[in-house]
Amino acid sequence: MHVTIFEFFLWSLLKVAVVTVVMLLGVAYTVLLERKLVGRIQNRWGPSRVGPFGLLQPLVDGAKSFLKEDIIPTGVYRPLYLLAPILALGCALMSIAVVPFGEPNVGPGGVHLFEIADLNIGLLIILGVTSVGVYGIALAGWSSNNKYSLLGSLRSSAQLISYELALGLSLVGVVLQTGSLNLRVIVEKQAEKGIVTWNICGMQFVAFFIYLMAAYAETNRSPFDLPEAESELTGGYHTEYSSMKFAMFFMAEYANMITVGCVATLLFFGGWTSPLGDLIDPPQNIFVHALFPIFWFVLKVFCFLFLYVWVRGTLPRFRYDQLMNFGWRILMPLAILNILATSLWVAYH
Amino acid sequence: MHLILFVVFAGFCLAGAINLLLQSHPINSALSLIVVMTSLAVLYLLLGAEFLAIAQVIVYAGAIMVLFTFVVMLLNAGREERTLGSRSARNVGFPAAVAILAIIATIILKAQGLGTAQLSDGLTDVKGGTNIEVLSTVLFTRLLLPFEVTSVLILIAILGAVALARHGAGEPSASEPKVDNQ
Amino acid sequence: MNAFSREVPLAWYLLLSAALFTLGIAGFLFKRNLITVFMSIELMLNGVNLSFVTFAQQWHAVKGQIFVFFVMVVAAAEAAVGLAIIIAVFRARATLAVDRIDLMKL
């Protein structure tokens, strides 16, 4: 029994609204997670005054961003200056649309309740949105009429387009093993026996680490965060932005982190499937049965965010030429070798 | 649904293309072209070409236009000027372009046997399966040689671009003072 | 038939493709900036791509889409080399105005 197009449209609208709200809340609390975790790594508390354990800190930060004075310097090229943060945040929030975070086929008619768009090219959509996200940074730096912004944005854009290659190539191995670009199909193929059949334990170990490093560079996070290094570039491409526009760039960075975590769990860690596989019986209650996979998914994404912040607190940052060297001369050949090895493995099995 | 989506995104395409002509600063033209390319990607999706739609976004809008944008930013290209050449080109070229469009449109409208397109139409050719499966089956079996030749083409393009855009390409290297060690 | 299931005649796609191609030709002839002229060439290529995909849909043949794939690859290579040439020309002439880059020798 399939729903009509109109009902499908309404269900999609509902899903988009819920996922956007959850994503924005996730972004806000990822900021809190980072501040508290980096604080603990550095042997201090982090935000702990506002609310219990500092849990109301993101709300207060948001209010502060809204109320700050919005300064627009005189020499900026206005249309692009205002467009750039919109582009950055829009692209960051868009790639969550193809991510399945729960059991498929749970929903009325032909509607997947836990996935907004079930596309045959889901993985490529995420790569495409990443490619378009470069514009947010490039246009922000150029329109700011500021040498430091321009240099920061050029460096950052060059870093992004260099590591896009390694990112895409590292995912080809997973696609070769699965035979589809559909994210739901990739997860379903890993669901056979729990943790043993997850892609990270089956041949894609090296690809996972290549993906992780390329993703850290794509999201401009430590140790690849030279474009934002305050000591070098006075803030890089978001030097001239204040209050809400700066907050949009900030949110875009954390939304990208969450997306990277989601993609890594889907492709390498079995998505919403539990690591125990068939060992325990699924719960009888229909609501708990539907919500348990979401719990596993959120847990795995949280582990990736934890890893992100842990790496940020621990490693020093790369110099720019070391960064480009690493991307072009180490990661990309490694990713190509991984494709070669995976295709030989798939061909002879 | 198909009609509404087609009208909206074809409108974006035409608006972007006309804006490309009307703007005087190249960066605005570049952004209009990006709008055209992403709208074309949606139109490819409506015609059942999923892989081409996303390839259009990744390759054209996400790489080629980034190149254009970088070149506009780095060369600091300013606004265009109106010269005698531009005015005469407009007076002669505008009727010529309209004439070309009229000829092509007449041929298209007189053609018979053109069908219609629906949202549920996919692509059913070789053995069925998704659009990517069909495309890649043909590309990697019957058309493997052209595929490999295009990879050599891209390699040549990379080498050519690096050689042309390098500092010192075409400039005499005698600009450095020759130090005589005596 | 409600508004949500109307069909679109393929002739409209072809007309859009012709319009994009003609606008590309117009830009190629009118515009006085070298980069914008190059962008009009890319617009022409996109117009042609759209007509290829339309015909692939009509005849349910995948060859049309494969041709578009190759056109995209060639356009990417051409854009890279063309922009490198534009940069080299800019270094030699210090201008991007088409009217002033009209002599082979400086």
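The values are calculated or read from the model by the stated rules, or taken from the named source; none is laboratory data. Given the structure is predicted, the values throughout are model-derived calculations rather than measurements. When we count neighbours, we look across all protein chains shown, and the Cβ atoms used for this are built from the backbone with ideal geometry, even at glycine.
Key figures for this structure:
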| quantity | calculated |
| --- | --- |
| Matching entry among B:LEU43, B:LEU67 (being at pLDDT 90 or above, hydrophobic (A, V, I, L, M, F, W, C), within 16 Å of the chain's Cα centre (by Cα) and over 20 Å from C:ILE66 (Cβ atoms)) | B:LEU67 |
| Test: residue in the stretch C:80-87 that is more than 7 Å from chain B (Cβ to nearest Cβ) and over 24 Å from B:LEU139 (Cα atoms) | yes |
| Helices (runs of 4 or more DSSP H) (entirely within the stretch B:9-111) containing at least 3 residues that are surrounded by fewer than 23 Cβ atoms within 10 Å (Cβ to Cβ) | B:26-46, B:65-75, B:84-110 |
| Of residues in the stretch C:6-54 being more than 22 Å from B:VAL42 (Cβ to Cβ) and not in a helix (DSSP H, G or I), the one farthest from the other protein chains (Cβ to nearest Cβ) | C:LYS31 |
| Sole exception among (1) surrounded by fewer than 17 Cβ atoms within 10 Å (Cβ to Cβ); (2) within 26 Å of B:THR116 (Cα to Cα) for C:ALA94, by number | (2) |
| The stretch A:37-63 residues that are within 25 Å of A:LYS245 (Cα to Cα), paired with ones that are polar (S, T, N, Q) and assigned to a loop (DSSP other than H, G, I, E, B) (beta carbon under 6 Å, 6 or more apart) | A:GLY54/A:SER48 |
| Breaking point among (1) exposed (fewer than 13 other Cβ atoms within 10 Å of the Cβ); (2) at pLDDT 90 or above; (3) within 14 Å of chain B (Cβ to nearest Cβ), for A:CYS91 | (1) |
| Residue check, A:GLY102 farther than 26 Å from B:VAL71 by Cβ and crowded, with 24+ Cβ neighbours inside 10 Å | no |
| Yes/no for A:VAL187 being surrounded by fewer than 22 Cβ atoms within 10 Å (Cβ to Cβ), more than 14 Å from chain B (Cβ to nearest Cβ) and part of a helix (DSSP H, G or I) | no |
| Qualifying position, being within 13 Å of another protein chain (Cβ to nearest Cβ), in contact (Cβ under 8 Å) with a residue 12 or more places away in the chain and buried (at least 18 other Cβ atoms within 10 Å of the Cβ), among A:TYR135, A:TYR163 | A:TYR135 |
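To keep it simple, each residue is scored yes or no on (1) over 26 Å from A:LEU169 (Cβ atoms); (2) surrounded by 13 or more Cβ atoms within 10 Å (Cβ to Cβ).
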{"residue": "A:PHE269", "(1), (2)": "no, yes"}
{"residue": "A:SER274", "(1), (2)": "yes, yes"}
{"residue": "A:TRP296", "(1), (2)": "yes, yes"}
{"residue": "A:PHE306", "(1), (2)": "yes, yes"}
{"residue": "A:PRO316", "(1), (2)": "yes, no"}
{"residue": "A:GLY327", "(1), (2)": "no, yes"}
{"residue": "A:ILE330", "(1), (2)": "no, yes"}
{"residue": "A:SER343", "(1), (2)": "no, yes"}
